[in-house]
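Asker: My questions all concern the structure below.
None of the figures in this text is laboratory data; all of them are computed from the coordinates on show. A quick note: this is a predicted structure, and the numbers were derived from the prediction, not measured. A quick note on method: Cβ atoms are made from the backbone with ideal geometry, for glycine too, and the neighbour counts reach across all protein chains shown.
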């Protein structure tokens, strides 16, 4: 999608991350991707932990906690979908910030 909405999902930034990994650590073969990515993630987490890189969550609207009374009225599948959405949000934000980090290298 030209508006970028197709990237707002887990995995939507994978190809951009792979391009940045190739730029920073490459060239390497696709079968080496996991080793390179793990090393890069370790560097990213260390940078966040040390305060050298700050995560950004401003691109998504703030998350809200559903009211317990409302959840109690929902079908269990709705509650599961909410949990999946929370995980998707966390996965996307990780990818977004990891990509931002790689672009600083």
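Asker: Applying a 10 Å radius around every beta-carbon, put 65-73, 33-41, 50-58 in order of their mean neighbour count, most first.
Answerer: 33-41, 50-58, 65-73
Asker: Based on the alpha carbons, how large is the Rg to Rh ratio for region 12-72 when Rh follows Kirkwood?
Answerer: Taking Rg over the Kirkwood Rh, I get 1.19.
Asker: Here is a follow-up. As a check on your grasp of the helix formula, calculate [θ] at 222 nm for the chain: sum -39500 (n - 2.57) over DSSP H runs of n ≥ 4, divide by the residue count, round to the nearest 500.
Answerer: Numbers: 4 runs with 64 residues, N = 105.
Rounded to the nearest 500, it is -20000 deg cm²/dmol.
Asker: Which distance in nm do the two modelled labels at residue 32 and residue 19 give, with both placed 7 Å along the Cα-to-Cβ direction?
Answerer: Output for this residue pair reads 2.1 nm.
Asker: Can you give me the distance in nm between label points at residue 42 and residue 81, each placed 7 Å from the Cα along the Cα-to-Cβ direction?
Answerer: 4.1
Asker: Over every pair of different alpha-carbon atoms in the chain, take the mean of 1/r and invert it; report that Kirkwood radius in Å.
Answerer: Kirkwood hydrodynamic radius for the chain: 15.8 Å.
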